[in-house]
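Throughout, read-outs are computed from the coordinates displayed, never taken from laboratory work. None of the values given here were measured: they were computed from a predicted structure. Heads up, the Cβs are rebuilt from the backbone with ideal geometry, glycines too, and the neighbour counts pull from every protein chain shown.
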Amino acid sequence: MKILVTGGLGFIGSHTVVELQNEGLEVVIIDDCSNSSETVLEGIKAITGKMPQFEKFDLKEKALVEDFFKRHQDIQGVIHFAASKAVGESVSNPLRYYENNIGTLVYILKELVKKNRAQFIFSSSCTVYGQADKMPITEDAPIKPAESPYGNTKQMGEEILADTCKVTPGLQAISLRYFNPMGAHPSAKIGELPIGVPQNLVPFITQTGIGIREQLSVFGNDYPTSDGTCIRDYIYVVDLAKAHVLALQRLLKARNTDNYEVFNVGTGTGSTVLEVIQSFEKVSGVKLNYKIVPRRPGDITKAYADTTKANTILGWKAQYSLDEAMKSAWDWEQVIRAKG
Ligand code: WQD
């Protein structure tokens, strides 16, 4: 069984490739390396001993997508990570996000609907909920108007998938709504490789801790939370990767009860920004240099998952704590900085 992983050299994609290989599945990666590096292949091989097949091309090239599926007729399972994901950038460059995140999804689905049977896992996000009214957030929480083109591409992607599955009985699909992915593989051979100044909290913390960044700016401490800073559900990337394998296996073994299903993937626990900083200081022994600055536009106050559905139906539950995930992030930061 050969599985296509688009964006398989990226942060979550590479960790998922490792878990797929650990399950004995053969993987083909497509990645255009616009936000990743081919060196990640060496990291994957160093962990599993298996070099995944890899093809470097842009999924926006429809003819290349068609050609790929002609050459790999035996692929029926696809995990689709390839997408642009910087919220702020999506606001300043919306067409790039709609073309990349929606166009590529449509081209891949057009190939899968030609097959009698196909399984598709979509990389979605808790962003689709916006600021949910109730915590923890369940999968049937209302989908609110997107706060960014990035978030809109995730909402639209889920709708495209649902509409396509409705008229394509052979297409079996699951959307996984990630909360806040963080950390790195325990081997420290793969991890998050933000290009330029990190947008996300955890890599900014570890880069500040190691001295690449002068100081972390905490975006607001006047929110209605325990310590005034925003709450998020930080999910260890290896836990998240394992959720993808279980979701794919659910479809491969035809255990799904509908040909389109949605699952939250989070820990079910919320942590404030200051609690994340405290976790870093605890696991690293490093005092973090940070200051409180005004809120970042577009940030929601709190988001953490109700994980009942994933726990009971997918048979998946996060195993790692915030501290364990943070330790892996810090170990990784030290390894990549030592490499120079
Ligand atoms: C987390 C908290 C910030 C940086 C985004 C995407 C979401 C998902 C995860 C893909 C917030 C605060 C951050 C900093 C800070 N991505 N923060 N200083 O915005 O919750 O979600 O990443 O699936 O779709 O939208 O993540 O890490 O940017 O922020 O104070 O330098 O940390 O205000 O409260 P976010 P984040």
Q.
Pick from Ser321, Ser226, Ser187 the residue whose mean-square fluctuation is largest in a GNM of the chain, springs joining Cα atoms under 10 Å.
A. Ser226
Q: Calculate how steeply helix 11-22 sits against the longest principal axis of the alpha-carbon atoms of the chain, using the helix alpha-carbon long axis, and give the answer as 0 to 90 degrees to the nearest 10.
A: 60 degrees
Q: Report, in degrees rounded to the nearest 10, the 0 to 90 angle that the Cα long axis of helix 62-71 makes with the longest principal axis of the chain.
A: 60 degrees
Q | Average Cα contact separation per residue, the chain, under 8 Å, 6 or more apart, as relative contact order % | A | 19 percent
Q: Could you point to the residue in Pro136, Ser36, Leu20 farthest towards the positive end of the chain's charge dipole, with +1 and -1 charges on the Cβ of Lys/Arg and Asp/Glu respectively?
A: Leu20
Q: Output the Cα-based Rg and Dmax of the chain in Å, rounding Rg to one decimal and Dmax to a whole number.
A: 19.2, 57
Q.
Using Cβ counts within 10 Å as a stand-in for footprinting exposure, how do Ile231, Ile102, Ile190 rank, fewest first?
A. Ile102, Ile231, Ile190
Q.
What is the angle, in °, between the Cα long axis of helix 149-166 and the longest principal axis of the Cα atoms in the chain? Nearest 10 is fine, range 0 to 90.
A. 30 degrees
Q: Express the C-alpha Rg of segment 1-141 as a ratio against the empirical globular expectation 2.2 N^0.38 Å, rounded to two decimals.
A: 1.11
Q.
I need the shape label for segment 67-162. Rule: rounded when a/c is under 1.5, else prolate if a/b > b/c, else oblate, with a, b, c from the alpha carbon gyration tensor.
A. oblate
